[in-house]
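To keep things clear, I will list the structure first and then write my remarks on it.
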Amino acid sequence: MSIKVDPTKCNGCTLCVKACPVDAIEVKDKLAVIDLDKCTLCSACVSACRFKAISIEVDKQPAEDLQNYKDVWVFGEQRDGKVAPVVFELINVGRQLADDRSSELSVIILGDNLDEAVADLASYPVDKVYVYEAPELEIYDSERYCRVLTDVMRDYKPEIVLAGATTTGRSFMSGVAIRLYTGLTADCTGLEIGEDGLLHQTRPAYGGNIMATILCPYTRPQMATVRHKVFPTSAKRCEGEAEIIRLTPKPALFGSRSKFVDFVETVGEQGNLVDADIIISGGRGLGGPEGSAPIRELADELGAAVGASRAAVDAGWIPYAHQVGQTGKTVCPKIYIACGISGAVQHQVGLKSSDVIIAINRDPNAPVFDIATHGFVGDIFEVLPALTKKIKALRGAPADSCVIQ
Amino acid sequence: MKICCCIKQVPGTTEVKINPETNTLVREGVETQINPFDLYALEEAMRTKEKMAEAGEESTVTVISMGPPQAEDALREAISLGADRAILLSDRAFAGSDTWCTSYVLAKALEKIEPDLVFCGMQAIDGDTGQVGPGIAVHLDMAQTAYVAEVVSIDAKKMVAKRLIEEGYETVELKLPALCTVVKEINEPRTASLRGKMAAKKAEITQWGAAELETPEDKVGLAGSPTQVVKIMTPPCREGGEKFTGETPELVDKLYAELKCLEVV
């Protein structure tokens, strides 16, 4: 295994030097020289080179016959028997992948008393629903879920496994991949079957500043967690029905060294931040805890979730669970309304995959305007209450012609 | 009690910019930092040590990082913040490790230390996967929980942790040894003391490579990694649209019209 620069192709252009995240490349006498003590073999330079002068060679063969693996599986995450919204997005992309591979799409659901959830899943275009019910699985337990899902995967050998990039999916799927010694790509935003028949998984890294395409060539299943709201929700099935397969629980797998104590729900009717279609966020411009009132009022009116910048959270005006950005959550709603947020890079990384960004800020030079689809230079304490009032007054009024495109 | 904290050295974030001409990452200098989430993990490790001391039990905080030789800087910083001991896991053979191999190497090191408690940040700000912490616990076959926002109680045998999930807070009890990944809400990290800075200068950083950890060649680095990065590209920069100025009623009308277009009012 090594990284090599082909001196006949390299012309010393320094593109690789600029691309290297660890500063491991220097150009000496018009030739890129890689410091192997610094290089992490991340392959950023390989992609950056326009002359195909840099290559990383991996000498590796599959350990088993990969042909034994087929079908696409989606992890049907549920809480209290209610299927997580992201699952229906996974069914949509999973259906496409299964069709491209001429294979079947299955959903596996773990829990207890799942009849309603199973009926719900079966009404979507999946070929099979695997149901694994046991009282011990009623509440998520990372150790138990990991062991059970690993065991089922070993028996059924799916080729591709998708889970939502939720707190549940991100934490226990890692363990499943560890136990199966296979690859798991986190937080994918693009999934497609390449000409090589492999799952090409694209994900953002470095706070969305780069997109990496990742393969899992030699082991199966190819596993990915998928970000919310990137793929549209699947339509319901129009014909046929899903086969429902009840798996026999193996109590030997149910041991765990953790115990559920309690759960305190903190989200209101608007649901959680990552699932929200509209997010209204406040920043330093709120000026104090009472400053969030106009944001909450508008959020109630629009059925939106409330977000916050780090400044508003660190000042104690809005709880941490609402923080959007590098040390908070990454969100991709249809509409993100940033109110009194200057828009530091650390905040931008959390919201820039939103479809539409609206920014309201008094400071015309605030960096948030550099990424906002529509910017409004104004005082949030005047604009927001007036807007809320107008929405209330005109609710149900006929659509005007679109003033702004 | 033996407490460990896994940290990662990451690029200083503000420098991550895109050069519009070459469409590549601009990285001025080689400024680095400890991954912000790991600072909360380290602080919690320190606080746990202090809590245990009040209960009459001596503890040590060992901080571990896997990375290139320069990750030593991050470990020294961790010592300045109060860690007792630091271990750098560095070897050419580890380069190119994906989350499977990274969690394997960290687990092999932890195996030698036999910790009662391991803290990790919920994710690193460069890779953003959140997979390494939970992966370590599975390699070590120990109890674990992710996204911890509060350690409610802890003694020599068990801990109660409150974790922040999408819909609220879930409280779980874990038997030790256990691993927790933490979110920002868990604490407010202290800054380095003068004494800490002196200690950091003098500290000996233990270095372990593939030989010390007895990691087989085919389970680490690019060779051991199930995933491979085949392409890296920079997405087009998001550009700002029109910026409206004017009196409040005017702005409100425009804003309303826009929300109407978006079919939300």
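Restrict the search to segment A:56-120; then list the GluC sites (Glu not before Pro) that DSSP places in a loop and that have at most 13 other Cβ atoms within 10 Å of their Cβ.
Those that pass, being in a loop and sparsely packed, are A:64.
Convert each backbone phi in segment B:183-190 into a coupling constant with the Karplus relation 6.51 cos²θ - 1.76 cosθ + 1.60 (shift: θ = phi - 60°), then list the ³J(HN,Hα) values in order as whole Hz, x for Gly and Pro.
Coupling constants for segment B:183-190: 9, 4, 5, 4, 6, 10, x, 6 Hz.
Please list log₁₀ I(q)/I(0) at q = 0.10, 0.12 Å⁻¹ for chain A, using the Debye equation with identical point scatterers on the alpha-carbon positions.
-0.84, -1.09
Between Rg and the Kirkwood Rh of segment A:130-181, both from Cα atoms, what is the Rg to Rh ratio?
We get a ratio of 0.93 for segment A:130-181.
Counting DSSP beta bridges with both partners in the protein assembly as shown, what percentage is antiparallel, nearest 5?
The antiparallel fraction comes to roughly 40 percent.
Sort B:231, A:389 by accessible area with a 1.4 Å probe, largest first.
A:389, B:231
Kyte-Doolittle mean at least -0.5 and Cα extent at least 18 Å along the axis: which DSSP H helices of chain A qualify?
A:85-100, A:167-180, A:380-394
Is the shape of chain B rounded, prolate or oblate, going by the alpha carbon gyration tensor and its root eigenvalues a ≥ b ≥ c, with a/c under 1.5 for rounded and a/b larger than b/c for prolate?
Since a/c reaches 1.5 and a/b is larger than b/c, the shape of chain B is classed as prolate.
What quantity of accessible surface, computed with a 1.4 Å probe and excluding non-protein components, is buried in total between chains B and A, in Å² to the nearest 100?
What B and A bury together is about 9600 Å².
Would you mind computing Rg(Cα) / (2.2 N^0.38 Å) for segment B:137-211, counting N as its residues?
After normalising by residue count via 2.2 N^0.38 Å, the value is 1.45.
Using 15 Å as the cut-off for backbone N distance, which residues of segment A:69-85 belong to the label zone defined by a point 7 Å from the Cα of residue A:264 along Cα→Cβ?
Hits in segment A:69-85 for residue A:264 at 15 Å: none.
Taking amide hydrogens as modeled 1.01 Å from N in the peptide plane, which residues meet the under 5 Å criterion relative to residue B:166, leaving out close sequence neighbours?
Those lying under 5 Å, H to H, from residue B:166 are A:167.
Positive end of the charge dipole of the protein assembly as shown (Lys, Arg +1 and Asp, Glu -1 on Cβ, about the Cα centre): tell me which of B:164, A:200, A:3 has its Cα farthest that way.
A:3
List the GluC sites (Glu not before Pro) within segment A:200-300 that fall in a DSSP loop (any state other than H, G, I, E or B) and whose Cβ has at most 11 other Cβ atoms within 10 Å.
Listed in order of number, the matching sites are A:239, A:241, A:269.
Evaluate the relative contact order of chain A (contact order divided by residue number), counting alpha-carbon pairs under 8 angstrom at least 6 apart; express in whole percent.
Taking the mean separation of contacting Cα pairs over the length of chain A, I get 11 percent.
Per-residue HN-Hα couplings for segment A:318-325, Karplus 6.51 cos²θ - 1.76 cosθ + 1.60 at θ = phi - 60°, whole Hz, x for Gly and Pro?
Along segment A:318-325, the couplings run 9, x, 4, 4, 8, 5, 10, x Hz.
Would segment A:299-397 count as rounded, prolate or oblate if I go by the C-alpha gyration tensor, calling it rounded below 1.5 in a/c and otherwise prolate when a/b exceeds b/c, oblate otherwise?
Verdict is prolate for segment A:299-397.
With θ taken as phi - 60° and the coefficients 6.51, -1.76 and 1.60, list the Karplus ³J(HN,Hα) couplings across segment A:309-316 in order, rounded to whole Hz; mark glycine and proline as x.
Per-residue couplings from phi come out as 8, 4, 4, 5, 6, 4, 7, x Hz.
Non-local amide H neighbours of residue B:179 (under 5 Å, H modeled in plane, Pro and chain starts lacking H): which ones?
Amide H to amide H, under 5 Å and 5 or more residues apart or across chains, residue B:179 pairs with B:118, B:143, B:144, B:145.
Skip the ligands, DNA and RNA, and give the accessible area per residue of the protein assembly as shown with a 1.4 Å probe, whole Å².
Solvent-accessible surface per residue comes out at 42 Å².
Counting only protein heavy atoms, what percent of the accessible surface of segment A:2-57 is carbon or sulfur at a 1.4 Å probe?
Percent of accessible area from carbon and sulfur atoms in segment A:2-57: 53.
Under a Cβ-only charge scheme (Lys and Arg +1, Asp and Glu -1), can you give me the dipole magnitude of the protein assembly as shown about the Cα centre, in debye to the nearest 20?
1100 debye
Report, in whole Å, the centroid distance computed from the Cα atoms of segment B:94-115 and segment A:16-88.
Centre-to-centre (Cα) distance: 19 Å.
Need one value for B:176-186: mean number of C-beta atoms belonging to other chains within 10 Å of its residues' C-beta atoms.
Average per residue, whole number: 3.
Ordered by packing density, taken as the mean number of other Cβ atoms within 10 Å over each peptide's residues, highest first, how do A:378-385, B:71-78 rank?
With the highest mean Cβ count within 10 Å placed first, the list reads B:71-78, A:378-385.
Taking springs between alpha-carbon atoms closer than 10 angstrom, which of A:343, A:194, A:325 fluctuates most in the Gaussian network model of chain A?
Sorting by GNM fluctuation, first place goes to A:194.
What FRET efficiency comes out for the pair residue A:28/residue B:192, r = Cβ-Cβ distance, R0 = 41 Å, nearest 0.05?
0.60
Which length gain, in nm to one decimal place, applies between residue A:238 and residue A:290 when the Cα-Cα distance is subtracted from 0.36 nm times their residue separation?
Contour length minus the Cα-Cα distance gives 13.7 nm.
Distance in nm between label sites at residue B:114 and residue A:314, each 7 Å beyond Cα in the beta-carbon direction?
The modelled label-to-label distance comes out at 4.2 nm.
Test of understanding: extend the Cα→C-beta vector of residue A:248 to 7 Å, then name every residue of segment A:127-163 with backbone N under 20 Å from that spot.
Of the residues in segment A:127-163, A:129-137, A:147-157 have backbone N under 20 Å from the label point off residue A:248.
Among A:87, A:267, A:17, whose mean-square fluctuation peaks in a Gaussian network model of chain A (Cα, cutoff 10 Å)?
Looking only at A:87, A:267, A:17, the biggest GNM fluctuation is shown by A:17.
Roughly how crowded by other chains is peptide B:129-142, in terms of the mean Cβ count from those chains within 10 Å of each of its Cβ atoms?
Across B:129-142, the average partner-chain Cβ count within 10 Å equals 6.
Per the 1.4 Å probe, what fraction of the accessible area of chain B, in percent, lies on carbon and sulfur atoms?
49 percent
What 222 nm value per residue comes from the helices of chain B, counting each DSSP H run with n ≥ 4 as -39,500 (n - 2.57) and dividing by all residues, nearest 500 deg cm²/dmol?
Using -39500 (n - 2.57) per qualifying helix, the result is -9500 deg cm²/dmol.
At a threshold of 8 angstrom on Cα-Cα distance, excluding pairs fewer than six apart, so keeping six or more, what relative contact order does segment A:64-250 reach in percent?
RCO, segment A:64-250: 28 percent.
Give the span of segment A:2-57's Cα atoms along each principal axis, as three whole-Å numbers ordered largest to smallest.
23, 21, 16
The values are calculated or read from the model by the stated rules, or taken from the named source; none is laboratory data. No experiment lies behind these values; they were computed from the predicted model shown. Methodologically, a virtual Cβ is constructed for each residue, glycine included, from the backbone with ideal geometry; neighbour enumeration extends over all protein chains shown. Note: areas computed on protein heavy atoms with side chains; ligands, DNA, RNA excluded. Shrake-Rupley method; radii C 1.70, N 1.55, O 1.52, S 1.80 Å.
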